[in-house]
Amino acid sequence: MSTTPTTDAGASATTLVLAVGNPLMGDDGLGVAVLDRLREWDWPSGVALVDGETWGMRLLPYVEDARRLLVIDAIDVGAPPGSIVSLDGAEVPRRLDARISSHEVNLADVLALAALRGTGPTELCAMGAQPLRIEFGATLSPAIAAVVDTVADLARAQLAAWGLAGRAIAETAGA
């Protein structure tokens, strides 16, 4: 694993798509799998796709500079495995405080610190799916693998709702 989050743009993007989780921990790799799908698209300037892994406070500069934040993650809400989960605004930190994934405490702390400092996103959304298993060495369960494209579609729809429609790179190359 890298020592810093990996990004397709600088930390000063106005819209941050932040995938959190650990692909070495089974369904916790959902965020990274969705991010890979989003990287198949050409996005307007100001959109950063960041693989935040489980980096906690090292994500603070990215979160503080973002006007909009879209978090992609495996989100445990006690639903059947593979159920789509979408959270908006103030609901996101409340759910993060409820320990909905293996690393959300760090992300909740990042959001709280950004708010305390008077920085951070004015628009916040988290989406993902209910995991089946989060255990070392596992791959995505069939329930989660089956919804990767759905979560990526929902993420693209959220970005479009924010006025940031992307185009598939294959479409861009053929244009």
If I go through the range 155-175 residue by residue, how many of them are exposed (fewer than 12 other Cβ atoms within 10 Å of the Cβ), of a type in the set (A, V, I, L, M, F, W, C), part of a helix (DSSP H, G or I) and at pLDDT below 95?
2
Filtered residue count, the range 133-144, keeping only those that are within 14 Å of Ile84 (Cβ to Cβ) and surrounded by fewer than 20 Cβ atoms within 10 Å (Cβ to Cβ)
1
Can you pull out every residue in the range 35-62 that is crowded, with 21+ Cβ neighbours inside 10 Å, of a type in the set (A, V, I, L, M, F, W, C) and under 19 Å from Arg117 (Cα atoms)?
Leu59
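The values are calculated or read from the model by the stated rules, or taken from the named source; none is laboratory data. This structure is a prediction, so every number in the text was calculated from the model and none was measured. Cβ sites come from the backbone with ideal geometry, for glycine too, and all protein chains shown count toward neighbours.
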